[in-house]
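**Student:** Take a look at this one; I'll ask things after.
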Amino acid sequence: MNTILTDAKPPEAPPEKHERLLRLASVELKCEIGRSTIYRKMAKGTFPKARRVDDGSVRWRESEIDSWIDNLPLAEDTPPE
């Protein structure tokens, strides 16, 4: 059995993705909804839950907020309220 040796380096692992945590004000701006709506939707289970950080404040994972936005129904799929 012949073994071929090369100087090729093994493929590098992709850089580790660091998850951004968003404050309430950033979530409000990104989603274009207010604080009370965010907390009402969280209570109903229709919005991502906040994470408590060390100082007692809360943050949302940006990826979860992005996913929530991506999964909103299209306007033509939703009857007007």
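**Student:** Please state which one of A13, A50 is among the small types (G, A, S) and at pLDDT below 90.
**Tutor:** Result: A13 is the single residue among A13, A50 that is among the small types (G, A, S) and at pLDDT below 90.
**Student:** It is to be established whether one or more residues within the stretch 68-79 are modelled with pLDDT of 95 or more and either exposed (fewer than 10 other Cβ atoms within 10 Å of the Cβ) or of a type outside the set (A, V, I, L, M, F, W, C) (or both).
**Tutor:** Yes, there is a match, as at least one residue in the stretch 68-79 is modelled with pLDDT of 95 or more and either exposed (fewer than 10 other Cβ atoms within 10 Å of the Cβ) or of a type outside the set (A, V, I, L, M, F, W, C) (or both).
**Student:** Does R52 satisfy being over 21 Å from L72 (Cβ atoms), surrounded by 14 or more Cβ atoms within 10 Å (Cβ to Cβ) and either within 12 Å of the chain's Cα centre (by Cα) or among the basic types (K, R) (or both)?
**Tutor:** No: the conditions fail for R52.
The values are calculated or read from the model by the stated rules, or taken from the named source; none is laboratory data. Bear in mind the structure is a predicted one, so any value in this text is a computation, not a measurement. Neighbour counts are summed over all protein chains in view; Cβ atoms, including those assigned to glycine, are modelled from backbone coordinates with ideal geometry.
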